[in-house]
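Below you'll find the structure, written out as structure tokens, and then a few comments.
The values are calculated or read from the model by the stated rules, or taken from the named source; none is laboratory data. Please read these numbers as outputs of a predicted model, since none were measured by experiment. Please note: Cβ atoms are built from the backbone with ideal geometry, for glycine as well, and neighbour counts cover all protein chains shown.
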Amino acid sequence: MATTNKKTAPQNMDRARYEDLKQMLEGRKREIVNEVQEKIRDVRIENHSGKLAHVLDSGESSEADIQEDIEFALIQMKAETLSKIDEALVRLEEGAYGNCFECGSQISEQRLRALPFAVRCKDCEEARETAAKRERLMAQRHASSLFFDMSS
Ligand SMILES: [Zn+2]
């Protein structure tokens with residue numbers, strides 16, 4: 001008989017945070033799995049009636065095809081999110097999930113609940129956005145000065 005080997009939190013993370021983040025990620029995972037299963041069921045039913053309609057009226061099938069493509073794209077998107085969650089769970093076990101890429105400090109749980117795949121803390125993200133904005137502005141100025149140089 002297998003022993004219930006409950007995993008403990010990584011050494012560099014406190015237990016409560018680990019449990020919370022794990023629950024949050026696993027909750028999302030369950031949600032998405034359910035949604036995907038429902039969608040797949042829907043598509044199957046639609047396909048079935050679609051075929052019937054096709055037999056009855058072998059003309060207008062393009063609209064159903066487009067709908068099917070959209071459904072497929074949605075499922076694909078969800079599948080991608082699922083693999084991201086799995087990656088996050090692996091990183092959580094390693095004690096690397098929820099730490100800022102830039103400064104290494106813990107990203108707040110509040111932030112992670114809103115953005116489960118955030119890799120930077122709020123401060124670093126804001127600093128990065130400000131820098132990006134400044135860069136864009138500089139590029140714009142550069143572009144317009146080039147324009148004036150050429151026109152003169
Ligand atoms: Zn940071």
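Data overview
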{"quantity": "Among residues of segment 90-105, those that are more than 9 Å from the ligand (Cβ to nearest atom), outside any helix (DSSP H, G or I) and either touching a residue at least 24 places away in the same chain (Cβ under 8 Å) or in contact with a strand residue (DSSP E or B) (Cβ under 6 Å, 6 or more places away or on another chain) (or both), counted", "calculated": "3"}
{"quantity": "Qualifying residue in segment 140-148 (condition: touching a helix residue (DSSP H, G or I) at 6+ places or on another chain (Cβ under 6 Å), more than 16 Å from the ligand (Cβ to nearest atom) and not β-branched (Val, Ile, Thr))", "calculated": "no"}
{"quantity": "Gln110 vs. criteria without any contact (Cβ under 8 Å) to a residue 60 or more places away in the chain and within 16 Å of the ligand (Cβ to nearest atom)", "calculated": "yes"}
{"quantity": "Residue check, Ala88 surrounded by 15 or more Cβ atoms within 10 Å (Cβ to Cβ) and aliphatic (A, V, I, L, M)", "calculated": "yes"}
{"quantity": "Meets criteria (in a loop (DSSP other than H, G, I, E, B), of a type in the set (Asp, Glu) and either touching a residue at least 12 places away in the same chain (Cβ under 8 Å) or within 16 Å of the ligand (Cβ to nearest atom) (or both)) for Glu71", "calculated": "no"}
{"quantity": "Test: residue in segment 125-134 that is of a type in the set (Asp, Glu), under 22 Å from the mean Cα position of the chain (by Cα) and within 11 Å of the ligand (Cβ to nearest atom)", "calculated": "yes"}
{"quantity": "Count of segment 119-142 residues which are surrounded by 12 or more Cβ atoms within 10 Å (Cβ to Cβ) and either at pLDDT below 95 or in a helix (DSSP H, G or I) (or both)", "calculated": "7"}
